């Protein structure tokens, strides 16, 4: 396994941490594109181009690996949304573990309001009025 990893890093022309950054960045962008598709499916006026733009950015990134920083910057709105949704997970888990209690319900609603407000106010995610 170690030998295969070294060979792959040599083929990619990266050291371990460069490769880690690239792979994690790509993974987060894929999550962002998927989340944008789900949100767009639920509310068609939201995230109208986010997933397709993210896929285009990924295509460019794989063709030009050195553009990682600029691609991640361009995808920062979607990546921030992924982070905000991930931060709401404990509140939703609490709600699922304590159904029927008002405090977990209020916590979950407030937690969802944060990414919803970000989604509504971020022009990078193409909300259509």
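Applying the selection to the range 38-52, what residues are in contact (Cβ under 8 Å) with a residue 12 or more places away in the chain and crowded, with 17+ Cβ neighbours inside 10 Å?
39, 46, 47, 50, 51
Can you name the residue in the range 118-129 that is surrounded by 14 or more Cβ atoms within 10 Å (Cβ to Cβ) and part of a helix (DSSP H, G or I) and, of all such residues, is modelled with the highest pLDDT?
Applying the filter and picking the extreme gives 118.
I'm checking my understanding of the structure. Among residues of the range 15-37 that are without any contact (Cβ under 8 Å) to a residue 40 or more places away in the chain and surrounded by 13 or more Cβ atoms within 10 Å (Cβ to Cβ), which one is farthest from residue 64 (Cα to Cα)? Outline the logic, then answer.
As a first pass, look at the range 15-37 and keep what is without any contact (Cβ under 8 Å) to a residue 40 or more places away in the chain: 15-20, 23-24, 26-27, 30, 34, 37.
Right, trim to surrounded by 13 or more Cβ atoms within 10 Å (Cβ to Cβ) and you get 18-19, 26, 30, 34, 37.
Numbers: 18: 14, 19: 14, 26: 13, 30: 17, 34: 23, 37: 25 Å.
Among residues in the range 15-37 that are without any contact (Cβ under 8 Å) to a residue 40 or more places away in the chain and surrounded by 13 or more Cβ atoms within 10 Å (Cβ to Cβ), the one farthest from residue 64 (Cα to Cα) is 37.
Looking only at the range 80-104, filter to residues that are in contact with a helix residue (DSSP H, G or I) (Cβ under 6 Å, 6 or more places away or on another chain) and surrounded by fewer than 18 Cβ atoms within 10 Å (Cβ to Cβ); which one of those is farthest from residue 24 (Cα to Cα)?
Step by step, filter the range 80-104, then rank; the result is 98.
Given the conditions (1) more than 24 Å from residue 117 (Cα to Cα); (2) surrounded by 13 or more Cβ atoms within 10 Å (Cβ to Cβ); (3) free of Cβ contacts under 8 Å to residues at least 40 places away in the same chain, and given that residue 69 satisfies all but one, which numbered condition is not satisfied?
Looking at each condition in turn, residue 69 falls short on (2).
The values are calculated or read from the model by the stated rules, or taken from the named source; none is laboratory data. Just so you know, these numbers come straight off a predicted model, no measurement behind them. Because the Cβ atoms are built from the backbone with ideal geometry, glycine has one as well, and the counts that use them run over all protein chains shown.
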